[in-house]
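The values are calculated or read from the model by the stated rules, or taken from the named source; none is laboratory data. None of these values were measured; they are calculated from a predicted model. Heads up, the Cβs are rebuilt from the backbone with ideal geometry, glycines too, and the neighbour counts pull from every protein chain shown. Just the protein is used for accessible areas: all its heavy atoms, side chains included, with ligands, DNA and RNA removed. Shrake-Rupley method; radii C 1.70, N 1.55, O 1.52, S 1.80 Å.
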Amino acid sequence: MANVLVIGSGAREHAIAATFTKSPQVDQVYCAPGNPGMAKDQIISVAIDELEFDKLIDFAKAHQIDLTFVGPEVPLSMGIVDHFEQAGLRVFGPGQASACLESDKTFAKRFMKRNGIPTADFETFSDYDQAVRYASDQKLPLVIKENGLAAGKGVTIVKNSADLKPTIKKALDKSGEVLVEEFLTGEEFSLMLFVGGKQRVIFPISQDHKKINEGETGPNTGGMGAYSPVPHITAAIQQETINAIVNPTMNGLTKEGLEFAGVIYIGCMFTEAGPKVIEYNVRLGDPETQVLLPQLKSDFYQVTTDLINHKLPDMKWQKGDFYLGVVVAAPGYPTSPKQHILLPELPANTFYAGVIEENGRLYSSGGRIFTIVDHAETLKAAQKKVNDELAQIDLSQFYYRKDIGFRDLNYRSATEIKLS
């Protein structure tokens, strides 16, 4: 029997760890640092920070860890996989060089350009005056991105010329380098792959809801909810995306010596000109993971170990239901979330994130506190099921969106279609 270590502390890592517990090959799942809400699924939290690589390696050796799965982007960008591999430990995730696809937006955009992968036109600047001159000559709206990791909140869409200079200055002050990008219009969706060298398996399509307010308005967050599958991203669109984006991405990784065993998350926009890449991530998305992994029918431990061995795994997914998850956040999120709010009793289908435990009770500790996930035969029924469940809980001190899945529910067929 195997022991598994998951790195991270959020609802994504809770979902990853809980999926490992279902494997008949797995004896014990640890999560470092984890959170106290994970205990309901017999996951043992380990009080080691995700950036304390030496301590994590010592723990893995002492507890005979057979597989480590890295959840968050920051330890990946800092080279945790390289450290584990050098220690002779089996780990699922990209090395530091490959993690630049997420941690360095300029590197990622140039990778796309070199490999003929469609994306928005862009220029990169570290000089304020040059950035302003270039941006002022472009058509609004424009996308201003901080280079580096920003937990999903480092992107601003500038619609008014008066906002251009302060947005560029703020982004430069925070990251030292900004990307000025063409604004794409179309339908956004998330396409995730597990990869192992040249092998790949594609997850069901999911769609995140980034904005804080209903109707997809307000500032960006780390994600307020997700659903999967996404009916209006048809099989034809998916195949076009595979041909135009996935295949050249995989070929580019091989050509540039960046192959790895781990995750490629492609944030896509289906435009009038076809699919284009918004961004790469090299880890599972949050909250998409919470609605994707419950659909997996295969042995998760076997899948990951096969890919580490560059072997194509047997991937089986449920086919009948829509899965929908709603993130519950603290008031004031994403700018200044209120802390230390007592959580009510929550149902079993909860993945915990920003929580601490005091005297046997859970309190909020962060922005996004937990995700509740449910499924049903239609998207409308799945949305209603989750919202009804949330309505029965006293969440008067918290905030959540009630419209997750709204884009597809604008398509009449999506309220009635059953997956086959």
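With all protein chains present, calculate the accessible area of T271 using a 1.4 Å probe and round the result to the nearest 10 Å².
Using a 1.4 Å probe on the heavy atoms, I get roughly 10 Å².
Using 7 Å Cα-to-Cβ label points, what is the K211/I44 separation (nm, one decimal)?
Computed distance between label sites K211 and I44 equals 4.6 nm.
Can you pull the percent of Cα pairs in region 1-96 with separation above 17 Å?
Value for region 1-96 (Cα pairs over 17 Å): 41 percent.
Find the Rg to Rh ratio for region 295-420, where Rh is the Kirkwood radius over alpha-carbon pairs and Rg uses the same atoms.
Reported Rg/Rh, Kirkwood definition of Rh: 1.06.
Would any residue of region 246-271 have its amide N under 19 Å from a label point 7 Å out along Cα→Cβ of A97? List them or say none.
249-264
Which of the GluC sites (Glu not before Pro) found in region 230-309 are in a DSSP loop and have at most 11 neighbouring Cβ atoms, other than their own, within 10 Å?
Qualifying residues, ordered by number: E272.
Using only alpha carbons, build the gyration tensor for region 244-335 and give me the equivalent ellipsoid semi-axes, biggest first, whole Å.
Semi-axis lengths for region 244-335 are 25, 22, 15 Å.
Measure of size requested: the Rg and Dmax of region 49-112, with Cα atoms as the atom set and Å as the unit; please supply both.
12.7, 42
Counting pairs of Cα atoms in region 161-221, how many percent are more than 19 Å apart?
Considering region 161-221, 60 percent of its Cα-Cα pairs are separated by more than 19 Å.
Could you bin all the Cα-Cα distances of region 172-272 into 10 Å bins starting at 0 and give me the percent of pairs in each, rounded to whole numbers?
Final binned percentages: 12, 36, 36, 15, 1.
Can you figure out the FRET efficiency of V74 with D27, using R₀ = 35 Å and their beta-carbon distance, to the nearest 0.05?
0.75
Using only the Cα atoms of region 110-246, each taken as one equal point scatterer with no solvent, compute I(q) by the Debye sum, divide by I(0), and report log10 of the ratio at q = 0.09, 0.10, 0.22 Å⁻¹.
Normalising to I(0) and taking log10 leaves -0.34, -0.42, -1.39.
Per-residue accessible area for I278 at 1.4 Å probe radius, Å² rounded to 10?
40 Å²
Can you give the FRET efficiency for Y134 and K198, using 1/(1 + (r/R0)^6), R0 = 60 Å, r = Cβ-Cβ distance, to the nearest 0.05?
0.95
Output needed for the chain: three equivalent-ellipsoid semi-axes, defined as square roots of 5 times the C-alpha gyration tensor eigenvalues, in descending order, whole Å.
With the √(5λ) rule applied to the chain, the semi-axes are 30, 26, 23 Å.
Between region 1-70 and region 182-248, how far is it from one alpha carbon centroid to the other, in angstrom?
27 Å
Given 10 °C and 1.306 mPa s, how large is the Stokes-Einstein diffusion coefficient of region 69-183 in µm²/s, with Rh as the Kirkwood radius over Cα pairs?
Result for D is 103 µm²/s.
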